[in-house]
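Undergrad: To start, I am sharing the structure in question, which I have written as structure tokens.
The values are calculated or read from the model by the stated rules, or taken from the named source; none is laboratory data. Just so you know, these numbers come straight off a predicted model, no measurement behind them. Please note: Cβ atoms are built from the backbone with ideal geometry, for glycine as well, and neighbour counts cover all protein chains shown. Side chains are part of the model used for accessible areas, which takes the heavy atoms of the whole protein and leaves out ligands, DNA and RNA. Shrake-Rupley method; radii C 1.70, N 1.55, O 1.52, S 1.80 Å.
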Amino acid sequence: MEFKKFKAATVQTSPVFLNVEKTVDKAISFIKEASKNGAQLIAFPEVFIAGYPYWNWIMTPIQGSKWYEQLYKNSVTVDDNNIKRLFQAAKDNNIHIVIGINERGTSYGEIYNTNLIIDNTGILIGKHRKLVPTWAEKLTWSSGDGSSLKVYDTKIGPIGTLACGENTNTLARFTLLTQGELIHIANYISLPVAPPDYDMAEAIKIRACAHSFEGKLFTIVSCSTISQEIKDALRADVPNVDEILTRKNSAFSGFIGPNGAVIGTPLIDDEGIIYADIDLEKCIQPKQMHDILGHYNRFDIFDLRVNTAPTKNITFIDNHEDFNKK
């Protein structure tokens, strides 16, 4: 059995706010840089294309309604030409990509917080829709379903992903672990509007360390930042936006090993791209003590069932007799 070794990259930066084409341009520039530096995997923040609905937190729902419309217009489907550019960039640079998008649904009231998993040949091998939008996010995003709780086999190893707060969901994380996940991508947004005693950077790190320690795997964290462009765009509706959306320790990006420890120096608040060497063989030894997928569990006691059926909004049933066949 071969255990893969590879270099991974993670990005901490802001999108070009509500501009799909320019945000994809920015992503491709990071992809090229990471590939040039030998990375075979790059992680991008939650809903990087093309922005997070901060208005849900700092405006009334009525004020934020016009911003929802703008976000919908700048949401994408996986068939959009700009997303196809990402597929081509993955192929051209021989790199795997996990990136967050605002995915447009079939109804005008339907946007999903979605992570795309693209392999190094430019094939979209999977997408995960955030299961439960967090708190004020419910004003914007629809809920995903169990059909996207999957782990994907790739050239560099089995990859799974969850977005932001759902990395707190123990059952969702366990569902990925049971499918052989060894590389977990956890992507986030900077959230300075959290309660005053909430250290967002520390909370992100704790969740990542917990998943890696429990599952004995590598977690790669990518978090967005809030650019001055984003704050300036919202200023007309929220004059004190700089004060509200500026706080230290609001973003954390980095790598966690199978022992639950941070690898190298993470990015906290600062923008940039960082790298780590991943050796999946290091996932073996820690499981001798705690293998919650095997010897360190009691499946005769615990029984987790996961509904992986896609959600349907209607089922058509035709019970009419075909009189033409009489």
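Undergrad: Under 9 Å between Cβ atoms, at least 6 apart or on separate chains: pull out the pairs that start in the range 81-109 with a residue that is on the phi > 0 side of the Ramachandran plot and end on any residue that is open to solvent by less than 40 Å² (accessible area, probe 1.4 Å) and at pLDDT 95 or above.
TA: Asn94/Ser35; Asn94/Asn120
Undergrad: Just checking, does the range 215-223 include any residue being out of contact with any Gly (no Cβ under 8 Å at 6 or more places or on another chain), open to solvent by less than 10 Å² (accessible area, probe 1.4 Å), at pLDDT 95 or above and part of a helix (DSSP H, G or I)?
TA: yes
Undergrad: Against the definition (touching a Leu at 6+ places or on another chain (Cβ under 7 Å), of a type in the set (Val, Ile, Thr) and either surrounded by fewer than 18 Cβ atoms within 10 Å (Cβ to Cβ) or not in a strand (DSSP E or B) (or both)), how does Thr121 come out, yes or no?
TA: Here the answer is no, as Thr121 does not meet what is asked.
Undergrad: Any idea which residue in the range 143-165 is nearest to Thr114 (Cα to Cα), counting only those that are surrounded by fewer than 18 Cβ atoms within 10 Å (Cβ to Cβ) and either in contact with a Gly (Cβ under 6 Å, 6 or more places away or on another chain) or hydroxyl-bearing (Ser, Thr, Tyr) (or both)?
TA: Ser143
Undergrad: So which residues in the range 224-237 are aliphatic (A, V, I, L, M) and open to solvent by 10 Å² or more (accessible area, probe 1.4 Å), if there are any at all?
TA: Just the residues of the range 224-237 that are aliphatic (A, V, I, L, M), to begin with: 226, 230, 233-234, 236.
Across the range 224-237, the qualifying residues are Ile226, Ala233, Ala236.
Undergrad: Also: Can you give me the number of residues within the range 245-284 that are open to solvent by 50 Å² or more (accessible area, probe 1.4 Å) and either more than 18 Å from Ala39 (Cβ to Cβ) or of a type outside the set (Ser, Thr, Tyr) (or both)?
TA: Final tally of qualifying residues: 16.
Undergrad: I would also like to ask the following. Out of all the residues in the range 1-53, which are β-branched (Val, Ile, Thr), part of a loop (DSSP other than H, G, I, E, B) and surrounded by fewer than 24 Cβ atoms within 10 Å (Cβ to Cβ)?
TA: If the condition is that a residue be β-branched (Val, Ile, Thr), part of a loop (DSSP other than H, G, I, E, B) and surrounded by fewer than 24 Cβ atoms within 10 Å (Cβ to Cβ), then Val16 is the only one that fits.
Undergrad: Within the range 241-278, track down each residue that is in contact (Cβ under 8 Å) with a residue 40 or more places away in the chain and assigned to a helix (DSSP H, G or I).
TA: Val241, Ile244
Undergrad: May I ask you to verify whether Ile99 is over 21 Å from Ala8 (Cα atoms), among the β-branched types (Val, Ile, Thr), in contact with a strand residue (DSSP E or B) (Cβ under 6 Å, 6 or more places away or on another chain) and surrounded by 21 or more Cβ atoms within 10 Å (Cβ to Cβ)?
TA: no
Undergrad: So, in the range 183-200, exactly how many residues are surrounded by fewer than 22 Cβ atoms within 10 Å (Cβ to Cβ) and either farther than 21 Å from Asn102 by Cβ or among the acidic types (Asp, Glu) (or both)?
TA: Of the residues in that region, 6 qualify.
Undergrad: Out of the range 166-182, which residues are small (Gly, Ala, Ser) and either out of contact with any Asp or Glu (no Cβ under 9 Å at 6 or more places or on another chain) or open to solvent by 20 Å² or more (accessible area, probe 1.4 Å) (or both)?
TA: Our first condition is that a residue be small (Gly, Ala, Ser); within the range 166-182, this holds for 172, 180.
Across the range 166-182, the qualifying residue is only Gly180.
Undergrad: Any residue at all in the range 75-87 that is out of contact with any strand residue (DSSP E or B) (no Cβ under 7 Å at 6 or more places or on another chain) and not charged (D, E, K, R)?
TA: yes
Undergrad: Please find, among Ala43, Ala50, the residue that is touching a residue at least 60 places away in the same chain (Cβ under 8 Å) and of a type outside the set (Phe, Trp, Tyr).
TA: So the residue among Ala43, Ala50 that is touching a residue at least 60 places away in the same chain (Cβ under 8 Å) and of a type outside the set (Phe, Trp, Tyr) is Ala43.
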